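Working notes, beginning with the structure itself.
The values are calculated or read from the model by the stated rules, or taken from the named source; none is laboratory data. Here the structure is a predicted model, which means the values were calculated and not measured. For neighbour counting, all protein chains shown are included, and Cβ atoms are generated from backbone atoms with ideal geometry for every residue, glycine included. Accessible surface areas use protein heavy atoms only, side chains included; no ligands, DNA or RNA. Shrake-Rupley method; radii C 1.70, N 1.55, O 1.52, S 1.80 Å.
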Amino acid sequence: MRITVIGTGYVGAVHAACMADIGHEVLGVDVDAERISALAAGRAPVHEPGLDEILARALASGRLRLSTSLAEAAATASTHFICVGTPQRPDSKAADLRYVDAVVDGLAPHLRPGSLVVGKSTVPVGTAARLAARLAVTSPGTEVAWNPEFLREGSAVEDTLRPARLVVGVVSARAEAVLRAVYAPMLRAKVPFFSTDPATAELVKVAANAFLATKISFINAMAEVCDAAGADVTVLSAVLGADPRIGPLFLQSGLGFGGSCFPKDIRAFAARAAELGAAESVRILHEIDRINLRQRQRTVDRARELLGGTFEGRRVAVLGAAFKPDSDDVRDSPALAVAEAAYRQGAEVLVHDPQALDNARAVFPELTYASDIPKVCEDADLVLHLTPWQEYRELDPAALAEVVREPVLLDARNSLDPQPWWSAGWTVRVPGRPLLSPLLSSDRGGERCM
Ligand code: UDX
Ligand code: UDX
(Lines give C-alpha, C1' and ligand atoms only; values in the text may rest on other atoms or scores of the structure.)
(Ligands and ions follow the chains in the order given, each with its own letter.)
Protein backbone atom coordinates (compact mmCIF):
# COMPACT_ATOMS: atom_id res chain seq x y z
CA MET A 1 0.00 0.00 0.00
CA ARG A 2 0.99 3.61 -0.38
CA ILE A 3 0.78 5.64 2.81
CA THR A 4 2.19 8.84 4.21
CA VAL A 5 3.34 9.48 7.77
CA ILE A 6 3.16 13.13 8.72
CA GLY A 7 5.35 14.17 11.65
CA THR A 8 8.54 12.13 11.92
CA GLY A 9 9.34 12.51 15.62
CA TYR A 10 9.36 9.62 18.06
CA VAL A 11 6.13 8.02 16.93
CA GLY A 12 6.27 9.07 13.27
CA ALA A 13 9.88 8.03 12.53
CA VAL A 14 9.27 4.61 14.06
CA HIS A 15 5.89 4.17 12.34
CA ALA A 16 7.25 5.23 8.94
CA ALA A 17 10.29 2.93 9.12
CA CYS A 18 8.25 -0.02 10.41
CA MET A 19 5.51 0.40 7.81
CA ALA A 20 8.16 0.38 5.06
CA ASP A 21 9.71 -2.67 6.70
CA ILE A 22 6.47 -4.64 6.45
CA GLY A 23 6.25 -3.82 2.75
CA HIS A 24 4.37 -0.53 2.29
CA GLU A 25 5.51 2.39 0.12
CA VAL A 26 5.90 5.17 2.68
CA LEU A 27 6.41 8.91 2.34
CA GLY A 28 7.56 10.47 5.63
CA VAL A 29 6.72 14.17 5.88
CA ASP A 30 7.86 16.77 8.40
CA VAL A 31 8.01 20.58 8.57
CA ASP A 32 11.55 20.26 9.93
CA ALA A 33 13.77 20.15 6.81
CA GLU A 34 16.86 19.24 8.84
CA ARG A 35 15.07 16.26 10.37
CA ILE A 36 13.94 15.14 6.93
CA SER A 37 17.43 15.30 5.41
CA ALA A 38 18.90 13.50 8.44
CA LEU A 39 16.29 10.73 8.07
CA ALA A 40 16.97 10.50 4.34
CA ALA A 41 20.65 10.00 5.22
CA GLY A 42 19.70 7.22 7.65
CA ARG A 43 20.05 9.24 10.86
CA ALA A 44 17.14 8.68 13.25
CA PRO A 45 15.93 11.73 15.23
CA VAL A 46 16.00 9.77 18.52
CA HIS A 47 17.98 7.02 20.21
CA GLU A 48 15.77 3.97 20.00
CA PRO A 49 16.97 0.35 20.05
CA GLY A 50 16.63 -1.20 16.57
CA LEU A 51 15.52 2.00 14.83
CA ASP A 52 18.81 2.68 13.00
CA GLU A 53 18.80 -0.81 11.50
CA ILE A 54 15.18 -0.74 10.40
CA LEU A 55 15.58 2.78 8.99
CA ALA A 56 18.63 1.72 6.99
CA ARG A 57 16.69 -1.26 5.63
CA ALA A 58 13.67 0.86 4.74
CA LEU A 59 15.80 3.40 2.86
CA ALA A 60 17.84 0.74 1.07
CA SER A 61 14.65 -0.99 -0.12
CA GLY A 62 13.48 2.29 -1.69
CA ARG A 63 10.16 1.92 0.12
CA LEU A 64 10.77 4.87 2.45
CA ARG A 65 11.04 8.34 0.97
CA LEU A 66 11.07 11.67 2.78
CA SER A 67 9.61 15.10 2.02
CA THR A 68 8.62 18.40 3.61
CA SER A 69 5.62 18.89 1.34
CA LEU A 70 2.02 18.18 2.33
CA ALA A 71 0.99 18.73 -1.31
CA GLU A 72 3.36 15.93 -2.30
CA ALA A 73 1.88 13.80 0.49
CA ALA A 74 -1.64 14.29 -0.85
CA ALA A 75 -0.51 13.53 -4.40
CA THR A 76 1.39 10.39 -3.35
CA ALA A 77 -1.16 8.41 -1.36
CA SER A 78 -4.72 8.38 -0.14
CA THR A 79 -4.00 7.17 3.42
CA HIS A 80 -2.28 9.67 5.69
CA PHE A 81 -1.15 9.00 9.27
CA ILE A 82 -0.82 12.06 11.51
CA CYS A 83 1.96 11.65 14.08
CA VAL A 84 2.71 15.22 15.17
CA GLY A 85 3.06 16.11 18.85
CA THR A 86 0.20 17.14 21.12
CA PRO A 87 2.05 18.76 24.05
CA GLN A 88 0.48 20.49 27.03
CA ARG A 89 -0.71 24.01 26.22
CA PRO A 90 1.51 26.71 27.66
CA ASP A 91 -1.47 28.48 29.27
CA SER A 92 -3.46 25.52 30.66
CA LYS A 93 -3.41 21.78 31.33
CA ALA A 94 -5.24 21.00 28.10
CA ALA A 95 -3.59 19.49 25.02
CA ASP A 96 -2.23 21.86 22.41
CA LEU A 97 -3.78 20.76 19.12
CA ARG A 98 -2.24 23.40 16.92
CA TYR A 99 0.11 20.95 15.16
CA VAL A 100 -2.63 18.42 14.40
CA ASP A 101 -4.84 21.24 13.11
CA ALA A 102 -1.97 22.65 11.02
CA VAL A 103 -1.45 19.29 9.30
CA VAL A 104 -5.15 18.87 8.51
CA ASP A 105 -5.42 22.45 7.23
CA GLY A 106 -2.24 21.99 5.18
CA LEU A 107 -3.46 18.74 3.63
CA ALA A 108 -7.07 19.84 3.05
CA PRO A 109 -6.69 21.80 -0.20
CA HIS A 110 -4.75 18.93 -1.80
CA LEU A 111 -6.78 15.92 -0.66
CA ARG A 112 -8.55 13.84 -3.29
CA PRO A 113 -12.01 12.44 -2.60
CA GLY A 114 -11.68 9.00 -1.03
CA SER A 115 -8.66 10.01 1.04
CA LEU A 116 -8.44 8.71 4.60
CA VAL A 117 -6.76 10.81 7.30
CA VAL A 118 -5.74 8.59 10.24
CA GLY A 119 -4.78 10.25 13.50
CA LYS A 120 -2.18 8.50 15.65
CA SER A 121 -1.42 11.47 17.89
CA THR A 122 -2.90 11.34 21.40
CA VAL A 123 -5.81 13.77 21.40
CA PRO A 124 -8.77 14.85 23.53
CA VAL A 125 -11.88 12.80 22.80
CA GLY A 126 -13.94 14.50 20.09
CA THR A 127 -10.97 15.63 17.99
CA ALA A 128 -11.62 13.18 15.14
CA ALA A 129 -15.25 14.33 14.89
CA ARG A 130 -14.16 17.98 14.90
CA LEU A 131 -11.59 17.39 12.15
CA ALA A 132 -14.06 15.33 10.10
CA ALA A 133 -16.55 18.21 10.23
CA ARG A 134 -13.83 20.58 9.06
CA LEU A 135 -12.79 18.34 6.16
CA ALA A 136 -16.40 17.78 5.16
CA VAL A 137 -16.47 21.46 4.20
CA THR A 138 -13.01 21.87 2.66
CA SER A 139 -12.45 18.40 1.19
CA PRO A 140 -15.73 16.56 0.55
CA GLY A 141 -15.49 12.80 0.16
CA THR A 142 -12.63 12.42 2.61
CA GLU A 143 -12.77 10.59 5.94
CA VAL A 144 -11.10 10.75 9.35
CA ALA A 145 -10.20 7.72 11.52
CA TRP A 146 -8.28 7.40 14.77
CA ASN A 147 -5.68 4.72 15.38
CA PRO A 148 -3.84 5.39 18.66
CA GLU A 149 -0.41 3.88 19.24
CA PHE A 150 0.77 2.41 22.53
CA LEU A 151 4.48 2.33 21.89
CA ARG A 152 6.92 2.83 24.73
CA GLU A 153 10.15 4.67 24.22
CA GLY A 154 13.00 2.19 24.47
CA SER A 155 10.93 -0.56 22.85
CA ALA A 156 9.13 1.48 20.19
CA VAL A 157 10.14 -0.67 17.21
CA GLU A 158 9.13 -3.90 18.91
CA ASP A 159 5.86 -2.33 20.13
CA THR A 160 5.06 -1.20 16.57
CA LEU A 161 5.91 -4.46 14.81
CA ARG A 162 4.47 -6.71 17.52
CA PRO A 163 1.84 -4.65 19.33
CA ALA A 164 -0.23 -6.09 22.19
CA ARG A 165 -3.36 -4.88 20.36
CA LEU A 166 -4.50 -2.66 17.51
CA VAL A 167 -7.36 -0.20 17.84
CA VAL A 168 -9.05 1.65 15.00
CA GLY A 169 -11.80 4.20 15.43
CA VAL A 170 -13.71 4.42 12.14
CA VAL A 171 -17.01 5.60 10.73
CA SER A 172 -17.11 3.30 7.68
CA ALA A 173 -16.38 -0.30 6.73
CA ARG A 174 -14.12 1.06 3.97
CA ALA A 175 -11.87 2.84 6.48
CA GLU A 176 -11.69 -0.33 8.58
CA ALA A 177 -10.74 -2.35 5.50
CA VAL A 178 -7.95 0.12 4.64
CA LEU A 179 -6.52 -0.12 8.15
CA ARG A 180 -6.84 -3.91 8.19
CA ALA A 181 -4.79 -3.94 4.98
CA VAL A 182 -2.15 -1.63 6.48
CA TYR A 183 -1.75 -3.94 9.46
CA ALA A 184 -2.21 -7.21 7.56
CA PRO A 185 1.02 -8.87 8.83
CA MET A 186 0.04 -8.11 12.44
CA LEU A 187 -3.45 -9.50 11.88
CA ARG A 188 -1.94 -12.65 10.39
CA ALA A 189 0.14 -12.92 13.57
CA LYS A 190 -3.15 -12.86 15.53
CA VAL A 191 -2.65 -9.47 17.18
CA PRO A 192 -6.05 -8.59 18.74
CA PHE A 193 -7.78 -6.03 16.52
CA PHE A 194 -10.49 -3.75 17.90
CA SER A 195 -12.66 -1.75 15.55
CA THR A 196 -14.73 0.93 17.23
CA ASP A 197 -16.02 4.47 16.84
CA PRO A 198 -13.42 7.29 16.80
CA ALA A 199 -14.41 8.68 20.23
CA THR A 200 -13.80 5.31 21.93
CA ALA A 201 -10.48 4.90 20.11
CA GLU A 202 -9.36 8.35 21.28
CA LEU A 203 -10.44 7.56 24.85
CA VAL A 204 -8.78 4.13 24.91
CA LYS A 205 -5.37 5.74 24.62
CA VAL A 206 -5.76 8.30 27.40
CA ALA A 207 -7.54 5.78 29.63
CA ALA A 208 -4.67 3.29 29.19
CA ASN A 209 -2.09 5.94 30.08
CA ALA A 210 -4.20 7.14 33.01
CA PHE A 211 -4.45 3.58 34.36
CA LEU A 212 -0.70 2.95 34.07
CA ALA A 213 0.07 6.33 35.68
CA THR A 214 -2.35 5.41 38.49
CA LYS A 215 -0.50 2.15 39.12
CA ILE A 216 2.81 3.99 39.40
CA SER A 217 1.44 6.69 41.69
CA PHE A 218 -0.30 4.03 43.80
CA ILE A 219 2.95 2.21 44.49
CA ASN A 220 4.73 5.51 45.17
CA ALA A 221 2.02 6.41 47.68
CA MET A 222 2.61 3.00 49.30
CA ALA A 223 6.35 3.79 49.41
CA GLU A 224 5.53 6.95 51.36
CA VAL A 225 3.49 4.89 53.85
CA CYS A 226 6.31 2.31 54.06
CA ASP A 227 8.71 5.15 54.89
CA ALA A 228 6.41 6.33 57.66
CA ALA A 229 5.89 2.81 59.01
CA GLY A 230 9.41 1.40 58.59
CA ALA A 231 8.20 -1.19 56.07
CA ASP A 232 9.71 -2.24 52.73
CA VAL A 233 7.91 -1.24 49.53
CA THR A 234 10.03 -3.59 47.40
CA VAL A 235 8.60 -6.60 49.18
CA LEU A 236 5.14 -5.03 49.24
CA SER A 237 5.26 -4.49 45.47
CA ALA A 238 6.49 -8.04 44.80
CA VAL A 239 3.67 -9.52 46.86
CA LEU A 240 1.03 -7.28 45.27
CA GLY A 241 2.35 -8.16 41.80
CA ALA A 242 2.11 -11.89 42.51
CA ASP A 243 -1.66 -11.53 42.55
CA PRO A 244 -2.67 -12.13 38.92
CA ARG A 245 -5.53 -9.66 39.35
CA ILE A 246 -2.94 -6.92 40.03
CA GLY A 247 0.10 -8.05 38.01
CA PRO A 248 3.73 -7.04 38.58
CA LEU A 249 4.20 -4.48 35.81
CA PHE A 250 4.18 -0.72 36.46
CA LEU A 251 4.54 -1.29 40.19
CA GLN A 252 8.13 -0.03 40.32
CA SER A 253 8.27 2.64 42.99
CA GLY A 254 10.82 5.44 42.88
CA LEU A 255 10.98 8.85 41.32
CA GLY A 256 7.67 8.66 39.48
CA PHE A 257 6.78 9.00 35.84
CA GLY A 258 7.99 11.58 33.35
CA GLY A 259 8.36 11.73 29.60
CA SER A 260 6.31 13.22 26.84
CA CYS A 261 3.14 11.21 27.53
CA PHE A 262 1.93 10.32 31.02
CA PRO A 263 2.22 13.78 32.66
CA LYS A 264 0.60 15.73 29.85
CA ASP A 265 -1.90 13.00 28.95
CA ILE A 266 -3.43 12.76 32.43
CA ARG A 267 -3.69 16.57 32.61
CA ALA A 268 -5.23 16.82 29.15
CA PHE A 269 -7.66 14.00 30.01
CA ALA A 270 -8.80 15.83 33.15
CA ALA A 271 -9.15 19.11 31.22
CA ARG A 272 -11.21 17.46 28.47
CA ALA A 273 -13.42 15.59 30.95
CA ALA A 274 -14.13 18.92 32.67
CA GLU A 275 -15.17 20.43 29.32
CA LEU A 276 -17.55 17.51 28.87
CA GLY A 277 -19.04 17.98 32.35
CA ALA A 278 -17.36 14.82 33.68
CA ALA A 279 -14.71 16.48 35.86
CA GLU A 280 -15.79 14.53 38.95
CA SER A 281 -15.25 11.17 37.16
CA VAL A 282 -11.53 11.76 36.69
CA ARG A 283 -10.78 13.76 39.83
CA ILE A 284 -8.42 10.95 40.84
CA LEU A 285 -6.07 12.10 38.06
CA HIS A 286 -5.25 15.32 39.92
CA GLU A 287 -4.19 13.22 42.90
CA ILE A 288 -2.14 10.91 40.64
CA ASP A 289 -0.32 13.96 39.29
CA ARG A 290 0.25 15.38 42.78
CA ILE A 291 1.64 12.09 44.13
CA ASN A 292 3.88 11.86 41.09
CA LEU A 293 5.35 15.35 41.38
CA ARG A 294 5.77 14.87 45.14
CA GLN A 295 8.29 12.06 44.50
CA ARG A 296 10.65 14.57 42.90
CA GLN A 297 10.34 16.90 45.90
CA ARG A 298 10.80 14.04 48.36
CA THR A 299 13.94 12.93 46.53
CA VAL A 300 15.39 16.43 46.74
CA ASP A 301 14.49 16.65 50.46
CA ARG A 302 16.03 13.25 51.16
CA ALA A 303 19.20 14.18 49.28
CA ARG A 304 19.49 17.36 51.35
CA GLU A 305 19.03 15.37 54.57
CA LEU A 306 21.75 12.93 53.53
CA LEU A 307 24.05 15.92 53.00
CA GLY A 308 23.45 17.10 56.55
CA GLY A 309 20.73 19.66 55.81
CA THR A 310 22.13 21.77 52.98
CA PHE A 311 23.26 21.51 49.35
CA GLU A 312 25.47 24.60 49.71
CA GLY A 313 29.05 23.83 48.74
CA ARG A 314 28.36 20.10 48.33
CA ARG A 315 29.17 18.02 45.30
CA VAL A 316 26.41 15.77 43.96
CA ALA A 317 26.91 13.06 41.33
CA VAL A 318 23.78 12.29 39.30
CA LEU A 319 23.47 8.95 37.50
CA GLY A 320 20.88 9.33 34.74
CA ALA A 321 19.26 12.21 32.89
CA ALA A 322 16.79 10.51 30.51
CA PHE A 323 13.19 10.11 31.71
CA LYS A 324 13.65 6.34 31.46
CA PRO A 325 16.43 3.95 30.40
CA ASP A 326 17.12 3.04 26.75
CA SER A 327 15.98 6.47 25.65
CA ASP A 328 17.74 9.80 25.08
CA ASP A 329 14.49 11.67 25.75
CA VAL A 330 14.66 14.23 28.58
CA ARG A 331 11.16 15.68 28.14
CA ASP A 332 9.75 16.16 31.64
CA SER A 333 12.52 13.98 33.02
CA PRO A 334 12.19 13.47 36.80
CA ALA A 335 15.98 12.90 36.94
CA LEU A 336 16.79 16.30 35.47
CA ALA A 337 14.16 18.02 37.62
CA VAL A 338 15.91 16.68 40.73
CA ALA A 339 19.39 17.53 39.41
CA GLU A 340 18.29 21.07 38.62
CA ALA A 341 16.68 21.54 42.07
CA ALA A 342 19.90 20.41 43.80
CA TYR A 343 21.84 22.87 41.65
CA ARG A 344 19.46 25.73 42.45
CA GLN A 345 19.85 25.00 46.14
CA GLY A 346 23.61 25.44 45.92
CA ALA A 347 25.09 22.04 45.02
CA GLU A 348 27.70 21.49 42.38
CA VAL A 349 25.93 18.93 40.18
CA LEU A 350 27.66 16.55 37.78
CA VAL A 351 25.42 14.46 35.54
CA HIS A 352 26.07 11.19 33.73
CA ASP A 353 23.83 9.49 31.18
CA PRO A 354 24.70 6.87 28.56
CA GLN A 355 22.64 8.54 25.79
CA ALA A 356 20.88 11.73 26.86
CA LEU A 357 23.73 14.15 27.63
CA ASP A 358 23.30 16.31 24.52
CA ASN A 359 19.56 16.66 25.05
CA ALA A 360 20.04 17.35 28.77
CA ARG A 361 22.69 20.00 28.10
CA ALA A 362 20.32 21.77 25.72
CA VAL A 363 17.67 22.08 28.46
CA PHE A 364 19.86 22.74 31.53
CA PRO A 365 23.19 24.12 30.31
CA GLU A 366 24.08 25.22 33.86
CA LEU A 367 24.66 21.63 35.03
CA THR A 368 27.99 19.88 34.40
CA TYR A 369 27.90 16.78 32.20
CA ALA A 370 30.35 13.94 31.60
CA SER A 371 30.19 10.56 29.92
CA ASP A 372 32.60 8.94 32.38
CA ILE A 373 31.02 7.62 35.60
CA PRO A 374 34.14 7.77 37.85
CA LYS A 375 34.72 11.35 36.70
CA VAL A 376 31.16 12.34 37.59
CA CYS A 377 31.51 10.68 41.00
CA GLU A 378 34.95 12.10 41.79
CA ASP A 379 34.93 13.73 45.26
CA ALA A 380 31.12 13.52 45.40
CA ASP A 381 29.44 13.94 48.77
CA LEU A 382 26.39 12.08 47.48
CA VAL A 383 25.56 9.86 44.51
CA LEU A 384 21.99 10.10 43.21
CA HIS A 385 20.71 7.20 41.09
CA LEU A 386 17.89 8.77 39.06
CA THR A 387 17.44 6.79 35.81
CA PRO A 388 17.64 2.99 36.03
CA TRP A 389 20.02 2.20 33.14
CA GLN A 390 21.34 -1.37 33.13
CA GLU A 391 24.88 0.06 33.14
CA TYR A 392 24.35 1.41 36.67
CA ARG A 393 23.34 -2.03 37.92
CA GLU A 394 26.71 -3.30 36.71
CA LEU A 395 28.79 -0.72 38.62
CA ASP A 396 31.46 -1.90 41.03
CA PRO A 397 30.53 -0.23 44.35
CA ALA A 398 33.98 -0.87 45.86
CA ALA A 399 35.75 0.88 42.95
CA LEU A 400 33.33 3.81 43.11
CA ALA A 401 33.81 4.12 46.88
CA GLU A 402 37.47 4.90 46.13
CA VAL A 403 36.67 7.99 44.03
CA VAL A 404 33.85 9.65 46.01
CA ARG A 405 34.41 11.85 49.06
CA GLU A 406 31.55 10.21 51.00
CA PRO A 407 30.15 6.79 50.05
CA VAL A 408 26.49 7.78 50.28
CA LEU A 409 23.99 6.57 47.67
CA LEU A 410 20.38 7.64 47.23
CA ASP A 411 18.81 5.06 44.91
CA ALA A 412 15.72 7.08 44.02
CA ARG A 413 14.71 4.45 41.43
CA ASN A 414 14.78 1.55 43.85
CA SER A 415 16.49 -0.61 41.24
CA LEU A 416 20.05 -1.24 42.46
CA ASP A 417 20.80 -4.23 44.66
CA PRO A 418 21.75 -2.45 47.91
CA GLN A 419 23.62 -5.40 49.39
CA PRO A 420 26.92 -5.09 47.43
CA TRP A 421 26.89 -1.32 47.99
CA TRP A 422 26.40 -1.78 51.68
CA SER A 423 29.14 -4.43 51.77
CA ALA A 424 31.50 -1.98 50.06
CA GLY A 425 30.94 0.55 52.83
CA TRP A 426 28.18 2.66 51.33
CA THR A 427 25.25 4.17 53.18
CA VAL A 428 22.30 3.37 50.94
CA ARG A 429 18.99 5.20 51.08
CA VAL A 430 16.08 3.86 49.04
CA PRO A 431 12.67 5.55 49.20
CA GLY A 432 10.16 3.22 50.83
CA ARG A 433 12.86 0.98 52.30
CA PRO A 434 14.75 0.99 55.60
CA LEU A 435 18.08 2.84 55.53
CA LEU A 436 21.15 0.70 54.87
CA SER A 437 24.11 2.02 56.75
CA PRO A 438 27.34 0.14 57.52
CA LEU A 439 27.51 1.88 60.88
CA LEU A 440 23.99 1.03 61.95
CA SER A 441 24.09 -2.48 60.60
CA SER A 442 27.33 -3.39 62.35
CA ASP A 443 25.63 -2.26 65.57
CA ARG A 444 22.88 -4.72 64.88
CA GLY A 445 24.74 -7.70 63.57
CA GLY A 446 24.58 -6.85 59.87
CA GLU A 447 20.81 -6.54 59.75
CA ARG A 448 19.14 -3.91 57.64
CA CYS A 449 17.67 -1.36 59.95
CA MET A 450 16.19 2.13 60.26
C1 UDX B 1 3.73 11.65 19.54
C2 UDX B 1 2.35 12.24 19.35
O3 UDX B 1 1.64 11.37 18.58
C4 UDX B 1 1.70 12.63 20.65
O5 UDX B 1 0.36 12.94 20.48
C6 UDX B 1 1.82 11.54 21.65
O7 UDX B 1 1.28 11.97 22.87
C8 UDX B 1 3.27 11.19 21.84
O9 UDX B 1 3.82 10.79 20.64
P10 UDX B 1 6.13 12.51 19.41
O11 UDX B 1 6.36 11.50 18.36
O12 UDX B 1 6.76 12.31 20.75
O13 UDX B 1 4.55 12.70 19.63
O14 UDX B 1 6.42 13.97 18.87
P15 UDX B 1 7.80 14.65 18.49
O16 UDX B 1 8.94 13.70 18.72
O17 UDX B 1 7.76 15.99 19.12
O18 UDX B 1 7.65 14.80 16.90
C19 UDX B 1 6.67 15.54 16.25
C20 UDX B 1 7.16 15.80 14.83
O21 UDX B 1 6.12 16.45 14.10
C22 UDX B 1 8.38 16.71 14.75
O23 UDX B 1 9.35 16.11 13.92
C24 UDX B 1 7.85 18.00 14.13
O25 UDX B 1 8.80 18.69 13.35
C26 UDX B 1 6.70 17.47 13.30
N27 UDX B 1 5.67 18.47 12.96
C28 UDX B 1 5.16 19.28 13.91
C29 UDX B 1 5.22 18.57 11.65
O30 UDX B 1 5.68 17.85 10.77
N31 UDX B 1 4.25 19.48 11.35
C32 UDX B 1 3.73 20.33 12.26
O33 UDX B 1 2.88 21.15 11.94
C34 UDX B 1 4.21 20.22 13.60
C1 UDX C 1 4.04 5.43 27.85
C2 UDX C 1 3.12 4.23 27.68
O3 UDX C 1 3.67 3.09 28.36
C4 UDX C 1 2.91 3.91 26.21
O5 UDX C 1 1.98 2.86 26.06
C6 UDX C 1 2.36 5.17 25.53
O7 UDX C 1 2.19 4.95 24.14
C8 UDX C 1 3.31 6.34 25.75
O9 UDX C 1 3.51 6.53 27.15
P10 UDX C 1 6.68 5.83 27.74
O11 UDX C 1 6.38 7.20 28.24
O12 UDX C 1 7.60 5.65 26.60
O13 UDX C 1 5.32 5.07 27.34
O14 UDX C 1 7.34 5.00 28.94
P15 UDX C 1 6.86 4.03 30.10
O16 UDX C 1 7.68 2.81 30.04
O17 UDX C 1 5.41 3.88 30.15
O18 UDX C 1 7.35 4.86 31.38
C19 UDX C 1 6.84 6.14 31.67
C20 UDX C 1 7.45 6.68 32.93
O21 UDX C 1 7.02 5.92 34.06
C22 UDX C 1 8.97 6.64 32.96
O23 UDX C 1 9.46 7.85 33.54
C24 UDX C 1 9.28 5.44 33.85
O25 UDX C 1 10.53 5.56 34.49
C26 UDX C 1 8.13 5.51 34.83
N27 UDX C 1 7.78 4.21 35.45
C28 UDX C 1 7.35 3.16 34.68
C29 UDX C 1 7.84 4.06 36.83
O30 UDX C 1 8.22 5.01 37.56
N31 UDX C 1 7.47 2.87 37.39
C32 UDX C 1 7.04 1.81 36.65
O33 UDX C 1 6.72 0.76 37.24
C34 UDX C 1 6.98 1.96 35.25
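Before moving on, here are some points about what is shown:
- Neighbourhood charge, 11 Å Cβ-Cβ cut-off, centred on THR196 and excluding it, Lys, Arg +1 and Asp, Glu -1: -3
- Largest GNM mean-square fluctuation among ALA279, ALA189, ALA337, using the chain with Cα springs under 10 Å: ALA189.
- Radius of gyration (Cα atoms) of the chain, expressed as a multiple of 2.2 N^0.38 Å: 1.07.
- In sequence order, the range 79-94 has phi-based couplings of 10, 10, 9, 9, 10, 7, x, 10, x, 6, 5, x, 9, 7, 8, 6 Hz under the Karplus curve 6.51 cos²θ - 1.76 cosθ + 1.60, θ = phi - 60°, and Gly or Pro positions carry x.
- The chain - accessible surface per residue (Å², probe 1.4 Å): 42
- On the beta carbon distance between SER155 and ARG405, with R0 = 41 Å, the FRET formula returns roughly 0.60.
- Rounded to the nearest 20 debye, the dipole magnitude of the chain is 1360 debye, with +1 charges on Lys and Arg beta carbons, -1 on Asp and Glu beta carbons, and the Cα centre as origin.
- Ranked from largest to smallest solvent-accessible area, with a 1.4 Å probe on the protein heavy atoms, PHE323, PHE250, PHE311 come out as PHE250, PHE323, PHE311.
- Three-way shape call for the range 35-96 based on the alpha-carbon gyration tensor, with the a/c threshold at 1.5: oblate
- Compared with the direct C-alpha span, the chain from GLN419 to LYS190 gains 78.1 nm at full extension, assuming 0.36 nm per residue.
- Rounded is the label for the range 284-423. Its Cα gyration tensor axes, ordered a ≥ b ≥ c, give a/c under 1.5.
- In this structure, the amide hydrogen of VAL351, modeled 1.01 Å from its nitrogen in the peptide plane, lies closer than 5 angstrom to those of VAL318, THR368, TYR369, ALA370, counting only residues at least 5 positions away or on a different chain.
- The 3J(HN,Hα) values that the Karplus relation (6.51, -1.76, 1.60; θ = phi - 60°) gives for the range 372-377 are, in residue order, 10, 5, x, 5, 5, 8 Hz. Gly and Pro appear as x.
- Against the chain, whose longest principal axis is taken from its Cα atoms, helix 284-306 shows a tilt of about 30°.
- Spin-label pair ARG344/ALA40, simplified geometry with 7 Å Cα→Cβ offset, distance in nm: 4.3
- C-alpha long axis of helix 51-61 to longest principal axis of the chain, angle in °: 30
- Local charge for GLY114 was computed over the other residues whose Cβ lies under 12 Å away, with Lys and Arg +1 and Asp and Glu -1, and equals +1.
- Around the amide H of ALA412, modelled in the peptide plane, lie the amide H atoms of HIS385, all under 5 Å away and 5 or more residues distant in sequence or on another chain.
- Residues with amide H under 5 Å from that of LEU166, placed H, sequence gap 5 or more: PHE193, PHE194
- Rounded to whole numbers, the Karplus 3J(HN,Hα) couplings from phi for the range 267-275 are 5, 5, 5, 4, 5, 5, 4, 5, 4 Hz, using 6.51 cos²θ - 1.76 cosθ + 1.60 with θ = phi - 60°, and x at Gly and Pro.
- With contacts taken as Cα pairs under 8 Å and at least 6 residues apart, the range 81-212 reaches a relative contact order of 23 percent.
- Per-residue SASA entry for LEU416, accessible area with 1.4 Å probe, Å² rounded to 10: 20
- Straight Cα distances below 27 angstrom link LYS120 to the lysines LYS93, LYS190, LYS205, LYS215, LYS264, LYS324, with same-chain residues fewer than 8 positions distant left out.
- Crossing angle, helix 334-344 versus the chain [Cα axis fit, 0-90 degrees, rounded to tens]: 50
- Choice from GLU224, GLU53, GLU153 with maximal GNM fluctuation in the chain (Cα, 10 Å cutoff): GLU53
- Relative contact order, whole percent, for the chain stands at 11, derived from Cα pairs under 8 Å and 6 or more residues apart.
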